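Take a look at the structure set out below.
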Amino acid sequence: MKKVMVGNHAVAWGARLARVEVISAYPITPQTQVVEKLSEMCADGTLAACFIKVESEHSAMAAVIGASATGARTFTASSSHGLLYMHEMLHWAGGGRLPIVMADINRAVGPGWNIWTDQNDSLSQRDTGWVQLYCETNQEVVDTTVMAFKLAEQLNVPVMLMLDGFYLSHTAEPVDIPDQELVDRFLPKREAPYKLDVEHPHAFGALVKPDAYMEMRWLMQEALRKVPQALEAIEKDWMRMFGRSYGAIEAYRAEDAELLLVTSGTVTSTARAVVDARRAAGEKIGVLKVKMFRPFPTTLLRDALSGVARVAVLDRNVSPGHGGIFAEELRSALYDLPAAERPEIFGYVLGLGGRDITPTVIDDVIEQTRTGTVPSRADLWVGVNL
């Protein structure tokens with residue numbers, strides 16, 4: 001079934017196809033349409049889920065933590081300061097190994113007050129133990145939402161999927177809605193190995209002494225280390241059933257590239273168009289899209305970038321006092337490659353607070369990367385008008 005829908009509704013449809021059982025909701029721009037659509041689905045009976053209206057984002061995450069601990073399939077969504085308000089509870093979900101799925105509609109963090117997109121809200125949560133998946137299109141959003149539940153429940157880890165505020169959340173695109181019967185075969189009902197059950201009591205979130213705490217974090221780390229292989233297998237199943245796959249990273253026209261653009265989110269689509277034009281002019285330029293940021297796909301990136309001369313990382317985010325977050329993580333991943341195989345990394349900070357990243361902007365980035373010597377600094381800011 002084909003439908004034209006905005007990205008926020010694609011999230012809601014993904015949750016509906018996954019037959020989510022408990023939804024907690026607190027609206028915040030530009031996320032609001034997600035929970036509005038889910039509330040309509042619950043009201044008209046097309047989704048048999050318990051819809052919990054809460055007074056804050058902190059409570060929204062607390063509600064799905066409690067529901068997930070009982071064995072329910074749970075979902076929520078947030079943005080920007082709402083996600084920041086959840087921060088404490090995100091650690092409880094990650095450390096508690098609860099397979100919650102959440103959509104974050106990427107929005108800048110104030111001050112100044114800004115409702116447009118960048119990735120600092122989700123990237124500031126990167127150490128909470130959540131898988132992070134960044135989506136490029138509305139089709140990818142609906143597919144990733146369903147696959148996120150399978151990944152979360154297979155490894156007992158929470159999964160956060162991201163889409164750019166307004167550029168994707170409020171932009172309508174044609175989306176192929178997977179058949180519900182096939183989705184049910186792909187994603188059976190959750191069977192939690194441990195849950196709150198009066199017949200079989202367990203303790204959750206109790207005091208842990210030093211003689212056991214590190215072992216819990218070790219098991220958490222090992223579960224996240226299994227994510228790349230698990231996601232690859234899940235995507236193969238999705239490809240077999242629905243004819244689409246994405247990958248933790250995706251190379252586009254990169255087979256012989258001398259310069260690669262590293263992207264995430266919607267800027268990838270713009271970069272593809274720029275690369276097509278450059279390839280038509282005979283230039284060896286490609287795109288490497290990073291979908292999975294946590295766990296960071298170090299091995300995949302080392303394989304993809306080894307031997308490439310120059311890499312331009314387009315960061316719609318910044319770690320103040322350090323630089324673009326994807327660029328810094330990439331430098332760390334490639335650090336111990338042999339010098340002859342390690343590319344020169346040009347890290348660009350751009351598009352913050354919803355500023356447009358146009359084909360002209362990307363062309364300028366390519367020219368600066370191609371003609372520059374050693375980057376003058378780790379964070380090369382694009383389009384700053386002072």
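The values are calculated or read from the model by the stated rules, or taken from the named source; none is laboratory data. None of the values given here were measured: they were computed from a predicted structure. Using ideal geometry, Cβ is built from the backbone for each residue, glycine included, and neighbour counts are taken over all protein chains shown.
The table for this structure:
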| item | result |
| --- | --- |
| Cβ-Cβ under 8 Å pairs, at least 6 apart or on other chains, the range 103-131 side closer than 23 Å to Ile23 by Cα, far side assigned to a loop (DSSP other than H, G, I, E, B) and aromatic (Phe, Trp, Tyr) | Arg107/Trp116 |
| Criterion violated by His87 - all others in (1) in contact (Cβ under 8 Å) with a residue 40 or more places away in the chain; (2) buried (at least 19 other Cβ atoms within 10 Å of the Cβ) satisfied | (2) |
| Those residues of the range 340-371 which are in a loop (DSSP other than H, G, I, E, B) and either touching a helix residue (DSSP H, G or I) at 6+ places or on another chain (Cβ under 6 Å) or farther than 23 Å from Leu301 by Cα (or both), in sequence order | Arg342, Pro343, Gly351, Arg355, Asp356, Ile357, Thr358 |
| Residues of the range 298-318 satisfying the condition of being within 17 Å of Met162 (Cα to Cα) and not in a strand (DSSP E or B) | Arg316, Asn317, Val318 |
| Any hit, the range 265-282, residues being in a loop (DSSP other than H, G, I, E, B), modelled with pLDDT of 95 or more, hydroxyl-bearing (Ser, Thr, Tyr) and under 19 Å from Thr369 (Cα atoms) | no |
| Selected residue (criterion: modelled with the lowest pLDDT) from residues of the range 159-201 that are among the aromatic types (Phe, Trp, Tyr) and out of contact with any Pro (no Cβ under 7 Å at 6 or more places or on another chain) | Tyr194 |
| Single residue of the range 362-382 satisfying the filter (of a type in the set (A, V, I, L, M) and closer than 15 Å to Arg331 by Cα) that is surrounded by the most Cβ atoms within 10 Å (Cβ to Cβ) | Leu380 |
| Only listed residue being surrounded by fewer than 16 Cβ atoms within 10 Å (Cβ to Cβ), touching an Asp or Glu at 6+ places or on another chain (Cβ under 9 Å) and assigned by TED's automatic domain parsing to the domain that holds Cys135, chosen from Glu258, Glu283, Glu232, Glu191 | Glu191 |
| Strands (runs of 3 or more DSSP E) wholly inside the range 103-179 containing at least 3 residues that are in the same structural domain as His87 (by TED's automatic domain parsing) and surrounded by fewer than 24 Cβ atoms within 10 Å (Cβ to Cβ) | 172-176 |
